[in-house]
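See below for the structure under consideration.
The values are calculated or read from the model by the stated rules, or taken from the named source; none is laboratory data. What you are looking at is a predicted structure, and each value in this text was computed from that prediction instead of being measured. Cβ placement follows ideal geometry from the backbone for every residue including glycine, while neighbour counts extend to all protein chains displayed.
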Amino acid sequence: MSGNRPGARPFPAWLWAPAGLGAVFVLLPLAAVVVRVDWARFPALIGSTSSLTALRLSLETALMSTALCLLLGVPMALVLARGRFPGRSAARALVLVPLVLPPVVGGLALLYTVGRRGLLGPALAAAGLQVPFSTAAVVLAQSFVSLPFIVISLEGALRSQSDAHDEIALAYGANPTQVLAKVTLPALVPALVSGTVLCFARSLGEFGATITVAGSLEGTTRTLPLEIYLQNNVDPDAAVALSLVLIAVALVVVLVAGRPWARALVGEVQGLLPGPAERPHGGGSSRNSVEA
């Protein structure tokens with residue numbers, strides 16, 4: 001028995017029951033937050049100076065950490081997926097460790113790395129840099145826990161991606177950097193978009209590692225999750241209101257990432273890739289077709 005509309009791919013009708021239960025499991029707690037909000041005081045609760053400062057800091061640091069994750073994660077994914085070197089499996093496992101570590105453990109690891117008595121502490125002190133309990137520490141903590149998301153997204157896409165287009169471009173005379181920029185990366189746009197969104201969302205909600213290595217200093221390290229934790233002990237109504245703001249921001253991020261323009265961009269980029277008719281029949285070069 002199928003639970004689909006005509007023309008849709010068939011699946012057993014009984015799947016609707018656990019799927020609905022899963023939806024309730026996710027949506028019911030979110031609905032509970034909405035019900036709990038003191039709507040009469042809502043504008044005042046979210047419009048306080050400390051709340052706006054925390055929101056601004058969260059958005060700024062999440063953007064910076066996402067950029068850092070892209071800068072480091074894209075090369076890491078390419079090396080793990082395409083490189084051949086001893087210990088590659090161990091390297092992949094180590095990159096994914098932050099996914100399973102409790103955030104507070106990640107924060108301690110960072111503190112013992114960049115803290116005053118950490119591995120890099122003396123060198124940083126000699127350079128006049130103090131990372132712990134600074135905005136830089138917030139970005140560092142967010143990047144540490146978010147980096148695996150971009151690596152996983154891109155490495156999985158690279159492993160499932162055919163090498164045919166890369167080989168065509170190389171045969172036409174393109175160098176490896178040109179192939180990477182004009183063939184490999186454009187084909188990874190869907191994975192790149194999803195990985196970027198995951199990084200930003202994870203950075204926006206980061207708490208444990210941040211409070212461990214950066215503390216909770218208003219205007220410097222107190223992001224919105226830390227502000228919610230603080231307000232929950234002082235004014236629960238403010239904590240609920242700010243929680244709703246964070247939920248709304250996360251929802252907007254996810255919805256924007258799924259807009260048709262993203263799929264249209266993917267289609268446009270993939271339309272620029274060389275097709276089978278463009279395969280070279282011999283060793284001749286046609287560099288212009290690649291470098292155009």
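Which condition does ARG116 not pass, out of (1) within 25 Å of LEU63 (Cβ to Cβ); (2) loosely packed, with under 14 Cβ neighbours inside 10 Å, if it passes all the others?
(1)
So which of ALA40, ALA67, ALA32 is in a loop (DSSP other than H, G, I, E, B) and over 15 Å from PRO148 (Cβ atoms)?
Details: ALA67 fails: in a loop (DSSP other than H, G, I, E, B); ALA32 fails: in a loop (DSSP other than H, G, I, E, B).
Answer to the check: ALA40.
Only one residue in THR66, THR53, THR49 is surrounded by fewer than 10 Cβ atoms within 10 Å (Cβ to Cβ) and out of contact with any strand residue (DSSP E or B) (no Cβ under 9 Å at 6 or more places or on another chain), so which one is that?
On the way: THR66 fails: surrounded by fewer than 10 Cβ atoms within 10 Å (Cβ to Cβ); THR53 fails: surrounded by fewer than 10 Cβ atoms within 10 Å (Cβ to Cβ).
After ruling out the rest, the residue left standing is THR49.
Scan segment 212-232 and tell me whether some residue there is modelled with pLDDT of 85 or more and acidic (Asp, Glu). Steps first, please.
Filtering segment 212-232 down to residues modelled with pLDDT of 85 or more leaves 212-232.
Applying the additional criterion that residues be acidic (Asp, Glu) yields 218, 227.
Yes.
Could you tell me whether segment 4-17 includes any residue that is among the polar types (S, T, N, Q) and either surrounded by 13 or more Cβ atoms within 10 Å (Cβ to Cβ) or out of contact with any Phe, Trp or Tyr (no Cβ under 8 Å at 6 or more places or on another chain) (or both)? Walk me through how you get there before you give the answer.
Quick first cut of segment 4-17, residues among the polar types (S, T, N, Q) only: 4.
Filter again for either surrounded by 13 or more Cβ atoms within 10 Å (Cβ to Cβ) or out of contact with any Phe, Trp or Tyr (no Cβ under 8 Å at 6 or more places or on another chain) (or both), leaving none.
Checked against the condition, which is being among the polar types (S, T, N, Q) and either surrounded by 13 or more Cβ atoms within 10 Å (Cβ to Cβ) or out of contact with any Phe, Trp or Tyr (no Cβ under 8 Å at 6 or more places or on another chain) (or both), segment 4-17 yields no hits at all.
Checking ALA125 against (1) under 21 Å from GLU227 (Cα atoms); (2) without any contact (Cβ under 8 Å) to a residue 60 or more places away in the chain, only one condition comes out false. Which one?
Every listed condition holds for ALA125 apart from (1).
Going by what's in this entry, would LEU94 be described as in a loop (DSSP other than H, G, I, E, B), without any contact (Cβ under 8 Å) to a residue 40 or more places away in the chain and under 23 Å from THR212 (Cβ atoms)?
Working: in a loop (DSSP other than H, G, I, E, B): no; without any contact (Cβ under 8 Å) to a residue 40 or more places away in the chain: yes; under 23 Å from THR212 (Cβ atoms): yes.
In short, no.
Restricting segment 98-113 to residues that are touching a Pro at 6+ places or on another chain (Cβ under 8 Å) and aliphatic (A, V, I, L, M), which is surrounded by the fewest Cβ atoms within 10 Å (Cβ to Cβ)? Give the derivation first.
Narrowing segment 98-113 to residues touching a Pro at 6+ places or on another chain (Cβ under 8 Å): 98-99, 106, 111.
When the remaining residues are screened for being aliphatic (A, V, I, L, M), the result is 99, 111.
Details: LEU99: 14, LEU111: 22.
My answer is LEU99.
Return the total of residues in segment 162-183 being under 17 Å from ALA77 (Cα atoms) and touching a helix residue (DSSP H, G or I) at 6+ places or on another chain (Cβ under 6 Å).
Of the residues in that region, 3 qualify.
For residues in segment 58-91 being touching a residue at least 40 places away in the same chain (Cβ under 8 Å) and farther than 30 Å from GLU227 by Cβ, which is farthest from the chain's Cα centre (by Cα)?
ARG82
Determine whether ALA169 is of a type outside the set (Ser, Thr, Tyr) and surrounded by fewer than 16 Cβ atoms within 10 Å (Cβ to Cβ). Lay out the reasoning, then the answer.
Details: of a type outside the set (Ser, Thr, Tyr): yes; surrounded by fewer than 16 Cβ atoms within 10 Å (Cβ to Cβ): no.
Taking the combined requirement at face value, the residue does not satisfy it.
Among (1) surrounded by 13 or more Cβ atoms within 10 Å (Cβ to Cβ); (2) out of contact with any Asp or Glu (no Cβ under 6 Å at 6 or more places or on another chain), where does PRO86 come up short?
Exception for PRO86: condition (1).
List pairs: first in segment 45-56 and within 14 Å of TYR229 (Cα to Cα) and touching a residue at least 24 places away in the same chain (Cβ under 8 Å), second of a type in the set (D, E, K, R) and crowded, with 19+ Cβ neighbours inside 10 Å, Cβ under 6 Å, 6+ apart or cross-chain?
If the second residue must be of a type in the set (D, E, K, R) and crowded, with 19+ Cβ neighbours inside 10 Å, the pairs left are ALA54/ARG222; ALA54/GLU227.
At least 3 residues that are within 29 Å of VAL37 (Cβ to Cβ) in each: list the helices (runs of 4 or more DSSP H) lying fully within segment 152-257 that qualify. Working first, answer last.
Numbers: elements: 164-171, 176-179, 189-204, 208-213, 224-234, 236-257.
Here the list reads 189-204, 208-213, 224-234, 236-257.
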